[in-house]
1. With (1) without any contact (Cβ under 8 Å) to a residue 12 or more places away in the chain; (2) more than 22 Å from THR2 (Cα to Cα) as the list, and LEU102 as the residue in question, which single condition is left unmet?
2. Note down all Cβ pairs under 6 Å where the first residue falls in the range 24-42 and is small (Gly, Ala, Ser), the second is within 11 Å of ligand 1 (Cβ to nearest atom), and they're at least six residues apart or on different chains.
3. State whether one or more residues within the range 97-105 are within 14 Å of ligand 2 (Cβ to nearest atom), more than 20 Å from ALA20 (Cβ to Cβ) and at pLDDT 95 or above.
4. In the range 1-24, how many are at pLDDT 95 or above and more than 9 Å from ligand 1 (Cβ to nearest atom)?
5. Being surrounded by fewer than 18 Cβ atoms within 10 Å (Cβ to Cβ) and within 16 Å of ligand 2 (Cβ to nearest atom) is the filter here, so list the residues in the range 8-17 that pass it.
6. Give me a count of the residues in the range 37-47 that are within 16 Å of ligand 2 (Cβ to nearest atom) and surrounded by 16 or more Cβ atoms within 10 Å (Cβ to Cβ).
7. With ASP30, ASP51 as the choices, which residue is more than 14 Å from ligand 2 (Cβ to nearest atom), of a type in the set (Asp, Glu), at pLDDT 95 or above and more than 12 Å from the chain's Cα centre (by Cα)?
8. Any chance the range 25-36 includes a residue that's crowded, with 16+ Cβ neighbours inside 10 Å, under 11 Å from HIS96 (Cα atoms) and within 14 Å of ligand 1 (Cβ to nearest atom)?
Amino acid sequence: MTDCLFCRIVRGEIPAAKVAETDECLAFRDIAPQAPVHVLIIPRKHFGSLDEVPDASVVGAMSMLAQQVARSEGIAAAGYRCVINTGAHGGQTVGHLHMHLLGGRAHGWPPG
Ligand code: 5GP
Ligand code: ZN
């Protein structure tokens, strides 16, 4: 058991606006959206960051759920951005692996 914020969302102890779920992953809306569609995709199992995953399976499952949510949110055709901030220089603020799915507007490059 961990009192990590996103583990608490997985356990239903903190409410979240869920948009999809699978056996391995959960997708819910970011509390401070940076785009018309801003969904977080997380594994149910706790990993502190991308740097802690042992193999491709968890990120593969997250990516496939991102693809599914992009379609259900109606942003797949126009395009979208998936981001995994990792560690301090990556801008990670929540220590449970998560992928941002951002869409509904064009995104600039390079990122800030
Ligand atoms: P990071 O900066 O770690 O890549 O992203 C963490 C994200 O989690 C931020 O975009 C932030 O708005 C979001 N967030 C933080 N606390 C909560 C919360 O309690 N609920 C939801 N739905 N999102 C949160
Ligand atoms: Zn966690």
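The values are calculated or read from the model by the stated rules, or taken from the named source; none is laboratory data. Just so it is clear, the model here is predicted, and its values are computed rather than measured. Counting neighbours? That spans all protein chains shown, and the Cβs are built from the backbone with ideal geometry, glycine included.
1. So the condition that LEU102 fails would be (1).
2. Every condition considered, the pairs that remain are ALA27/VAL19; ALA27/VAL39; ALA35/LEU102.
3. No: the range 97-105 contains no residue that is within 14 Å of ligand 2 (Cβ to nearest atom), more than 20 Å from ALA20 (Cβ to Cβ) and at pLDDT 95 or above.
4. 13
5. At the first step, the residues of the range 8-17 found to be surrounded by fewer than 18 Cβ atoms within 10 Å (Cβ to Cβ) are 8, 11-15, 17.
Passing the criteria: ARG8, ARG11, GLY12, GLU13, ILE14.
6. Residues flagged as within 16 Å of ligand 2 (Cβ to nearest atom) and surrounded by 16 or more Cβ atoms within 10 Å (Cβ to Cβ) within the range 37-47 amount to 7.
7. ASP51
8. Looking through the range 25-36, none of the residues is crowded, with 16+ Cβ neighbours inside 10 Å, under 11 Å from HIS96 (Cα atoms) and within 14 Å of ligand 1 (Cβ to nearest atom).
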